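This report concerns only the one structure given below.
The values are calculated or read from the model by the stated rules, or taken from the named source; none is laboratory data. Note that the coordinates shown come from a computational prediction; the quantities given were computed from them, not determined experimentally. When we count neighbours, we look across all protein chains shown, and the Cβ atoms used for this are built from the backbone with ideal geometry, even at glycine.
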Amino acid sequence: MNEFNGEIKKMMIIVSKATLDSVYAAFILANGARAEGIEAEMFFTFFGLEAINKKKLEHLHIATVGNPAMHIPTMLGGFPGMESLASSMMRREMEKIDIPPVHEFLDILKASGVKLWACKLAMDMFHYTKADLYDDVDDILTVGAFYDRSKGLGTHILFI
Amino acid sequence: MTHTKLIGERAISVNDEGYLTDYAQWDAQVAETLAKEINIELTPKHWAVLKFLQEQYKNEVALNIRRIGSSGVVDIKEFYQLFPQGPLKTSTKIAGIPKPASCI
């Protein structure tokens, strides 16, 4: 424990999934870091890109199939409309405790000084351009550039 | 645990993290002293924010960054400029009110 006595200086959060719960976990961790005076950057890769895709970001779902924490039979979870139902229930509960919708949350993160990066490889794979993304995304980065930004003592990388 | 802290020649009570344990002991001199400790010189804008926080506290409204943003007193970007090192944490301390327990 000799680097800043183990103090966290910067969180680099990789968002690799677009289920509502993982995206919110990542947002809350980034916002929480800034609230503690810790720098935070987010790298959106693979399906995580949906969280910054203009057309998709307000339509993220939670998984009702293959998610044992839902406590419903897997076959039921597969019925049409189940994901939308569960997701809108979750959104309503979150609004009650003042957790903003995805777009507003991105606005808060940007205003708080969080950097938002899109993964180049995933952008190419999904044939997305910068025009498809939330307007205030900082840039499109390669994984090498992302590591370069992670340099320095007290930086932690978190994969969600 | 509470500790005693000297503001000029007056003693106030604070907790382990330096937050006032008795809001009645807060005054402008307390705010200025606590702000100076984290290198903040209080401007009229800071005072407007502190006043807003105290009103929310008196009305028992839980504070979080979203509520600050929609307060009409300050936007989130400005809030971070006014109190750069963890704005909600430091501004509430200066305002003499408890540290918010919110995760957002």
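Below are the figures for this structure:
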{"item": "B:LEU88 being part of a loop (DSSP other than H, G, I, E, B), buried (at least 18 other Cβ atoms within 10 Å of the Cβ), within 14 Å of chain A (Cβ to nearest Cβ) and not β-branched (Val, Ile, Thr)", "result": "no"}
{"item": "Lone unmet requirement of (1) surrounded by fewer than 16 Cβ atoms within 10 Å (Cβ to Cβ); (2) outside any helix (DSSP H, G or I); (3) not β-branched (Val, Ile, Thr) for A:LEU116", "result": "(1)"}
{"item": "Selection count where residues are crowded, with 16+ Cβ neighbours inside 10 Å and polar (S, T, N, Q), scope region B:1-32", "result": "1"}
{"item": "Residues being within 14 Å of the chain's Cα centre (by Cα) and either within 11 Å of chain A (Cβ to nearest Cβ) or of a type in the set (Lys, Arg) (or both) - total across region B:63-85", "result": "9"}
{"item": "Any hit, region B:20-39, residues being modelled with pLDDT of 90 or more, assigned to a loop (DSSP other than H, G, I, E, B) and closer than 26 Å to A:VAL114 by Cα", "result": "yes"}
{"item": "Matching entry among B:ALA11, B:ALA35, B:ALA24 (being among the small types (Gly, Ala, Ser), under 13 Å from the mean Cα position of the chain (by Cα) and more than 14 Å from chain A (Cβ to nearest Cβ))", "result": "B:ALA35"}
{"item": "Selection from region B:91-104 of residues that are more than 8 Å from chain A (Cβ to nearest Cβ) and surrounded by 14 or more Cβ atoms within 10 Å (Cβ to Cβ)", "result": "B:SER91, B:THR92, B:LYS93, B:ILE94, B:ALA95, B:GLY96, B:ILE97, B:PRO98, B:LYS99, B:PRO100"}
{"item": "Residues that are farther than 19 Å from B:CYS103 by Cα, out of contact with any helix residue (DSSP H, G or I) (no Cβ under 7 Å at 6 or more places or on another chain) and either surrounded by fewer than 17 Cβ atoms within 10 Å (Cβ to Cβ) or modelled with pLDDT of 95 or more (or both), drawn from region A:10-46", "result": "A:ILE14"}
{"item": "Qualifying position, being closer than 30 Å to A:ILE38 by Cβ and more than 14 Å from every other protein chain (Cβ to nearest Cβ), among A:LEU76, A:LEU116", "result": "A:LEU116"}
{"item": "Close pairs (7 angstrom Cβ cut-off, 6 or more residues apart or separate chains): at the interface with another protein chain (Cβ under 10 Å from one of its Cβ atoms) in region A:22-46, in a helix (DSSP H, G or I) and hydrophobic (A, V, I, L, M, F, W, C) anywhere", "result": "A:PHE27/A:PHE105; A:PHE27/A:LEU109; A:ASN31/A:ILE108; A:ASN31/A:LEU109; A:ASN31/B:ILE65; A:ALA35/B:ILE65; A:ALA35/B:LEU88"}
{"item": "Of all residues making up region A:1-59, the number that are part of a strand (DSSP E or B) and closer than 21 Å to B:PRO84 by Cβ", "result": "8"}
{"item": "Failed item in (1) modelled with pLDDT under 95; (2) away from chain A (no Cβ under 14 Å), with B:LYS51 passing the rest", "result": "(1)"}
{"item": "A:SER87 in a helix (DSSP H, G or I), of a type in the set (S, T, N, Q), over 11 Å from the mean Cα position of the chain (by Cα) and more than 11 Å from every other protein chain (Cβ to nearest Cβ)", "result": "yes"}
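For (1) at pLDDT 95 or above; (2) within 13 Å of the chain's Cα centre (by Cα), each residue gets a yes or a no:
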{"residue": "A:ILE72", "(1), (2)": "no, no"}
{"residue": "A:GLU95", "(1), (2)": "no, no"}
{"residue": "A:PRO100", "(1), (2)": "no, no"}
{"residue": "A:LEU109", "(1), (2)": "yes, yes"}
{"residue": "A:THR142", "(1), (2)": "yes, no"}
{"residue": "A:ASP148", "(1), (2)": "yes, no"}
